[in-house]
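J.: Got a structure for you, questions after.
The values are calculated or read from the model by the stated rules, or taken from the named source; none is laboratory data. These figures come from a predicted structure and were not determined experimentally. Note that we place each Cβ from the backbone using ideal geometry, even for glycine, and neighbour counts take in every protein chain shown. Ligands, DNA and RNA are stripped out before the accessible areas are found, and what is left, the full protein with its side chains, is counted by its heavy atoms. Shrake-Rupley method; radii C 1.70, N 1.55, O 1.52, S 1.80 Å.
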Amino acid sequence: MGIDMKTTSVSIENLCVPCHCGCRHCLLSSQHCSTGVDYARSKAFADKFYSWLRKERPELGGLFYVGYCNEFSQLGEHIAFVRKHAPWYDFLQFNGLKMRSEEEIGLLLQQIKSWGIRLIDLSFYGLREYHDRFAGRKGDFAYLLRILHKANETGLPVSVSVALTEENADQMESLFELLSQYLIKSYSVFLPHDKGRGAAMAHLRLTRQTYDRLPGIVKHNFMRVPHRTEAEWLALGLLPEAESRSLTLALMPDNIDRLEAMEPAEIIRELEEMDDAYYAAIPSVAQLANTYGRKDNQQLFRYRDLVLQWQKRYLSEHPVNVHDMNEERHSFSIRTYPNI
């Protein structure tokens, strides 16, 4: 599998900024520390890489981004640099920032507006007490509301993401009622990934029964990607393989010296070979479904996440000695499946 897989983008991540939260669903398993490399060094690497890409492989997209959050002194410099290679870039994730006073929040919002940011996103996990436990930081819920209020005053649009599980579903009506007091450009209600720390929440994945009793506003803002229960996906009988892939290169202390000595074409080829090797070690989607599909499971999945779940079930019984291309703290891939 994977030999003829089409690559559509190559992104670069540098996890050089510690996050001030420790969310239960964090696909990067953030531990309040950084695992990346010096920002200036990563920026120079990305500049060389994307300058080459624009000239030699213009059909490939990609983005240079920093994690685990956007709390770093070079943020303005970073935004300007990313916009140099991706002029459309005007969105900033605003979770996990250090606590600030009202005045400091306002100043930061004015700064990012002047740097070209036109939208920020805030993530909510339920009502105050539950949200703070989920986010791993006392006062985080109130802090997000303060940011939301100040953004409204500043005239900076805000989108809100809401993580939905079996555990917090009953809080959704009250949460949306509270958020309705603010100006919010858009909502996105999503089901957490089964990656990173999110793997420990697999038993809390939303079920069809719980979805059916959600308030209309929650359903209206639920992800537009088709979601079905595992039982429904299996009964549907459509089990296509991936059509393409997006690759991400993680810059880390143990690989940066070697990567800096490589040509971009070599790096892309190496990422593609890593991805090919990983998926060659895993059975086809149809084979996975036949062996690991649970025909009575009423949990909801988008197709890509269900395939991931089957892969995880297989790998728990058949460990493979290849780089895990689903581990997003290291170089990884996202495979794109038909929108069925």
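J.: Just by accessible area at a 1.4 angstrom probe, what is the order of PHE72, PHE94 from largest to smallest?
T.: Details: PHE72 30, PHE94 5 Å².
Descending order: PHE72, PHE94.
J.: Right, here's the next one. If you build a Gaussian network model of the chain, linking Cα atoms that sit under 10 Å apart, which residue out of GLY61, GLY155, GLY96 swings the most?
T.: The residue that fluctuates most here is GLY155.
J.: Amide H to amide H, which residues 5 or more places from LEU300 or on other chains are under 5 Å from it, using H placed in the peptide plane?
T.: Amide H neighbours of LEU300, under 5 Å, 5+ apart: LEU206, THR207, ARG208.
J.: Which residue, VAL320, VAL66, VAL37, tops the fluctuation ranking in a GNM of the chain built on C-alpha contacts under 10 Å?
T.: The residue with the greatest mean-square fluctuation here is VAL320.
J.: Give the lysines whose C-alpha is closer than 30 Å to that of LYS138, dropping any in the same chain fewer than 8 places away, or say none.
T.: Answer for LYS138, where 30 Å is the Cα cut-off: LYS98, LYS113, LYS150, LYS185, LYS195, LYS219, listed by chain and number.
J.: While we're on this one: First select every other residue whose beta carbon is under 13 angstrom from the beta carbon of VAL66; then total the charges, Lys and Arg +1, Asp and Glu -1.
T.: -2
J.: I would also like to ask the following. Run the reach check for LYS55 against lysines, Cα to Cα strictly under 28 Å, same-chain hits fewer than 8 apart removed. What comes back?
T.: Partners found: LYS6, LYS43, LYS84.
J.: Given THR154, TYR89, LEU206, which one lies farthest toward the positive end of the charge dipole of the chain, if we put +1 on the Cβ of every Lys and Arg and -1 on the Cβ of every Asp and Glu?
T.: THR154
J.: Averaged per residue, what accessible area in Å² does the stretch 199-340 show with a 1.4 Å probe, protein chains only?
T.: Working: 6790 Å² over 142 residues.
Roughly 48 Å² per residue, with all protein chains present.
J.: Cβ neighbours within 10 Å, averaged per peptide: list 117-129, 195-207 in order, most packed at the top.
T.: Numbers: 117-129: 19.5, 195-207: 17.5.
Descending mean neighbour count gives 117-129, 195-207.
J.: Can I ask one more? Please list the non-local residues whose amide H lies under 5 Å from the amide H of PHE124, H modeled 1.01 Å from N, same-chain partners needing a gap of 5 or more.
T.: SER161, VAL162, ALA163
J.: Please state the charge dipole magnitude for the stretch 281-330, taken about the Cα centre, from unit charges on C-beta atoms (+1 on K and R, -1 on D and E), reported in debye and rounded to the nearest 20. List each step's numbers first, then the result.
T.: Numbers: 7 positive and 6 negative charges, 36 e Å.
Roughly 180 debye, rounded to the nearest 20.
J.: Next question. With the cut-off at 1.5 for a/c, could you classify the stretch 173-244 from its C-alpha gyration tensor as rounded, prolate or oblate?
T.: Working: a/c = 1.85, a/b = 1.77, b/c = 1.05.
In terms of gyration-tensor shape, prolate.
J.: Can you tell me how the stretch 76-220 classifies by the Cα gyration tensor, rounded, prolate or oblate, using a/c under 1.5 as the rounded cut? Display every interim value, and only then the final one.
T.: Details: a/c = 1.87, a/b = 1.64, b/c = 1.14.
Because a/c hits 1.5 or more and a/b exceeds b/c, the stretch 76-220 counts as prolate.
J.: Next question. Under 10 Å, Cα contacts only: if you run a Gaussian network model on the chain, which one of ALA86, ALA289, ALA235 comes out with the highest mean-square fluctuation?
T.: Looking only at ALA86, ALA289, ALA235, the biggest GNM fluctuation is shown by ALA235.
J.: Specify whether the C-alpha gyration tensor of the stretch 158-304 places it in the rounded, prolate or oblate class, a ≥ b ≥ c being the square roots of the eigenvalues: rounded for a/c under 1.5, otherwise prolate if a/b is larger than b/c and oblate if not.
T.: On the way: a/c = 2.65, a/b = 1.42, b/c = 1.86.
Since a/c reaches 1.5 but b/c is at least a/b, the shape of the stretch 158-304 is classed as oblate.
J.: For every other residue with a beta carbon closer than 9 angstrom to the beta carbon of ALA142, add +1 if it is Lys or Arg and -1 if Asp or Glu, then tell me the sum.
T.: So the surrounding residues net to 0.
J.: In the stretch 14-171, what percent of the accessible surface is made up of carbon and sulfur (1.4 Å probe, ligands and nucleic acids excluded)? Write down the numbers at each step before the final one.
T.: Working: 3570 of 6790 Å².
The computed percentage sits at 53.
J.: For the charge dipole of the chain, defined by +1 on Lys and Arg C-beta atoms and -1 on Asp and Glu C-beta atoms about the Cα centroid, which residue among PHE301, TYR278, SER29 has the Cα displaced farthest towards the positive pole?
T.: PHE301
J.: Tell me the net charge near LEU127. Cut-off is 11 Å between Cβ atoms, LEU127 excluded, with +1 for each Lys or Arg and -1 for each Asp or Glu.
T.: Details: positive: ARG128, ARG133; negative: GLU129, ASP132, ASP170, GLU173, GLU177.
Taking every other residue near LEU127 into account, the sum is -3.
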